[in-house]
Amino acid sequence: MQNLTIPQEVAHHLLKIQAIQLRPDQPFTWASGWNSPIYCDNRVSLSFPEVRTYIKNCLSAAVKAYFPQADIIAGVATAGIAQGALVADYLDLPFCYVRPEPKKHGMGNQIEGKIEKGQKVVLIEDLISTGGSSLKAADALKEAGVEVLGMVAIFTYGFEIATENFKNHNIPLYTLSDYNALIEEAVKLDYVTETQLMTLQDWRVSPSTWRK
């Protein structure tokens, strides 16, 4: 993998371990109801030490480069919890994680872990689609009096709606890899045919209405 950029190398790893699956001929159905020729589950990387370490190092380097003033790392539940804990450990920073909503029993926490008002936090996420769930976590931290510096994620589909959502929330977002790098690597590795490539490109234009 000589001379690959970080986005290309991350995409290469995710394809090789089948964390990202391309199935243009038998589309997946996302929780949102969207039909998709691609499914991304970066949690698979946790089972591969070499890939896990590479992603941890890249996420940590991004935090240090873009948010050197960070006091604490927060993972977005659930997939961002393990990645965030790895980054926090590497950077020797405190860690917490944010649930989609407060627990309905016990202490009723939405934020698990010790946080202090005024702390500067960086969120770690595995995947960005529309950004909705990730930004809910950012809002919960803001409501708790924490300053959200930004978010670092492994992969983004690069949807315009996500760009707008992060812009409207004033949350800087940095990702290790994206859809364009993924497709480039998939072609190099002969994971897709020319016809399947056209299908993937068509989906990317209007994912919410594709094959409906």
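The values are calculated or read from the model by the stated rules, or taken from the named source; none is laboratory data. Bear in mind the structure is a predicted one, so any value in this text is a computation, not a measurement. For neighbour counting, all protein chains shown are included, and Cβ atoms are generated from backbone atoms with ideal geometry for every residue, glycine included. Quick note on the areas: whole protein, heavy atoms, side chains included, nothing else; ligands and nucleic acids left out. Shrake-Rupley method; radii C 1.70, N 1.55, O 1.52, S 1.80 Å.
Here are the numbers:
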quantity: Ranked packing of 88-98, 193-203, 148-158, most packed first, by mean Cβ within 10 Å; calculated: 148-158, 88-98, 193-203
quantity: Estimated dipole of segment 102-189 in Debye, rounded to 20 [Cβ of Lys and Arg +1, of Asp and Glu -1, Cα centre]; calculated: 400
quantity: With DNA, RNA and ligands ignored, accessible area of residue 166 (1.4 Å probe; Å², nearest 10); calculated: 10
quantity: Acute angle (nearest 10 degrees) that the helix 132-143 long axis makes with the longest principal axis of the chain, alpha-carbon atoms; calculated: 10
quantity: Dipole magnitude of segment 17-69 about its Cα centre (Cβ charges: Lys, Arg +1; Asp, Glu -1), debye to nearest 20; calculated: 220
quantity: Value of [θ]222 nm, deg cm²/dmol, for the chain, DSSP H segments ≥ 4, -39500 (n - 2.57) each, nearest 500; calculated: -12500 deg cm²/dmol
quantity: Rounded percent of accessible protein surface that carbon and sulfur make up, the chain, 1.4 Å probe; calculated: 49
quantity: Gap separating the Cα centres of segment 58-96 and segment 15-40, nearest whole Å; calculated: 27
quantity: Lys pairs under 18 Å by Cα in segment 76-207, provided they are eight or more residues apart or on distinct chains; calculated: 9
quantity: Segment residue 189-residue 201, length gained on full extension (0.36 nm per residue, minus Cα span); calculated: 2.6 nm
quantity: Pairwise FRET efficiency - residue 161 versus residue 21, Cβ, R0 = 25 Å, nearest 0.05; calculated: 0.65
quantity: Angle in degrees between helix 179-188 and the longest Cα principal axis of the chain, rounded to the nearest 10; calculated: 40
quantity: Given charges at beta-carbon only (K, R positive; D, E negative), |dipole| of segment 1-106 in Debye; calculated: 220
quantity: List 12, 169, 105, ordered by accessible area with a 1.4 Å probe, largest first; calculated: 105, 169, 12
quantity: Projected label distance in nm at residue 53 and residue 174, using a 7 Å step from Cα toward the beta-carbon; calculated: 2.3
quantity: log10 of Debye I(q)/I(0), alpha-carbon scatterers only, for the chain at 0.10 Å⁻¹; calculated: -0.44
quantity: Tilt relative to the chain, helix 6-16 - C-alpha long axis, 0 to 90 degrees, to 10; calculated: 70
quantity: Among 145, 134, 205 - extreme Cα towards positive end, dipole of the chain, charges at beta-carbon; calculated: 145
quantity: For segment 92-212, the spread of Cα positions along each principal axis, largest first, Å; calculated: 52, 36, 28
